[in-house]
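Reviewing the structure listed below.
Every read-out reported here was derived from the displayed coordinates using simple, explicitly stated rules and does not represent laboratory data. Keep in mind the model is a prediction, meaning the values are calculated, not measured. Please note: Cβ atoms are built from the backbone with ideal geometry, for glycine as well, and neighbour counts cover all protein chains shown.
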Amino acid sequence: MRVHPEWLVLLLAAAGWTLLAFVLAGSVGHLADHHTPAQHAPVAAASFDQLLVTWLVMVVAMMLPTTVPHLRYLAFNTRASRTQRSILLFVLGYLGVWFAPGVLVALLPVPVTAVVLAAGILAAGVWELTPVKRRALRRCCRTWPVRYSGAAADASAVEYGLRHGVVCLLVSGPPMVALMLAGHPWWASVVLAVVMAAQKLLAQPERWRAAVAIGWLAAGLAMAGIAAFD
């Protein structure tokens with residue numbers, strides 16, 4: 001396990017995908033029921049608790065796997081006997097960064113109108129072209145010094161998770177919000193997970209920004225067209 005210290009986090013991510021699959025299956029079934037001729041009532045808005053849990057599960061499933069290089073760096077620079085402890089502290093700090101925007105997203109009246117969804121998708125596309133996104137992509141591979149043992153190692157692991165969580169939020173936050181607004185369809189969840197992993201893990205991620213932005217903008221314009229003719 002020392003050779004692959006990230007195993008526990010990948011197991012958590014797999015559990016997240018399993019739970020997310022149940023959430024998405026429930027959403028599909030609900031939409032199918034909603035579109036049957038016998039159903040004419042509007043779809044009820046999801047509760048705050050449901051949206052917050054869904055957001056956190058999405059982060060665990062889709063974002064934690066992209067932290068593997070940092071988990072390995074952390075594990076190989078701390079005492080062997082405390083490897084998983086440091087990794088879990090990193091994860092707590094990382095998820096703590098994503099919790100605050102999750103609360104804000106959970107306050108939204110999901111499902112949203114097509115106009116609001118189009119605006120969210122277009123915003124995610126514009127975000128890809130901003131200097132903030134470009135700088136965040138450059139910092140994705142950056143590491144921070146960590147302590148080897150003791151309370152200082154605990155504190156540095158949490159700090160590392162917080163720092164990298166902020167970078168990830170700047171890289172992937174707007175697309176994740178757009179996915180939530182869209183009702184997190186399963187195919188979009190998989191596509192977005194692949195795109196975000198590629199942006200964070202592949203070499204020279206900046207060269208993908210234009211293509212990703214075009215995809216988001218095209219999807220936003222298509223949704224805007226649907227809203228206009230609905």
- prompt: Does region 123-230 classify as rounded, prolate or oblate by the C-alpha gyration tensor (a ≥ b ≥ c root eigenvalues; a/c under 1.5 gives rounded; else a/b over b/c gives prolate, otherwise oblate)?
  reply: prolate
- request: Can you tell me the order of 71-83, 50-62 when each peptide is scored by its average per-residue count of other Cβ atoms within 10 angstrom, highest first?
  value: 50-62, 71-83
Degrees between helix 48-58 axis and first principal axis of the chain (Cα, 0 to 90, nearest 10): 60 degrees
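Pull out the extension gain between Arg134 and Thr113, defined as 0.36 nm times the separation in residues minus the alpha carbon to alpha carbon distance; nm, one decimal. Each step should come with its number before you reach the end.
Numbers: separation 21, 0.36 × 21 = 7.56 nm, distance 3.03 nm.
Full-extension gain reported as 4.5 nm.
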task: For helix 186-201, report the angle its Cα long axis makes with the longest principal axis of the Cα atoms of the chain; keep it between 0 and 90° and round to the nearest 10°.
output: 30 degrees
field: Rounded Å value of the spacing that divides the Cα centres of region 204-227 and region 69-145
entry: 20 Å
statement: Length gained, His4-Val190, 0.36 nm per residue minus C-alpha separation, equals 64.5 nm
query: Taking +1 at the Cβ of each Lys and Arg and -1 at the Cβ of each Asp and Glu, which of Leu12, Leu170, Val158 sits farthest along the dipole of the chain towards its positive end, judged by Cα position relative to the Cα centre?
result: Val158
0 to 90° range, to nearest 10: angle between helix 7-34 axis and the chain longest Cα axis: 10 degrees
query: Leu19 label point, 7 Å along Cα→Cβ, cut-off 20 Å on backbone N: hits in region 63-80?
result: 63-68
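Roughly how many debye, to the nearest 20, is the charge dipole of the chain about its Cα centre, given +1 on each Lys and Arg Cβ, -1 on each Asp and Glu Cβ, and no other charges? Please report the intermediate quantities before stating the final value.
Working: 16 positive and 8 negative charges, 246 e Å.
Here the chain has a charge dipole of around 1180 debye.
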- request: Compute the Cα gyration tensor for region 84-152, then decide on rounded, prolate or oblate, letting a ≥ b ≥ c be the square roots of its eigenvalues: rounded whenever a/c is under 1.5, prolate when a/b is larger than b/c in the other cases, and oblate in all that remain.
  value: oblate
task: Would you mind computing, in nm to one decimal, how far apart the modelled labels at Leu12 and Leu88 are, each placed 7 Å from Cα along Cα→Cβ?
output: 0.9 nm
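Among 113-124, 195-206, 172-183, what's the highest-first ranking by average C-beta atoms within 10 angstrom per residue? Don't skip to the answer; put the middle values down first.
Working: 113-124: 19.2, 195-206: 14.9, 172-183: 22.4.
Going by the mean number of other Cβ atoms within 10 Å, highest first, we get 172-183, 113-124, 195-206.
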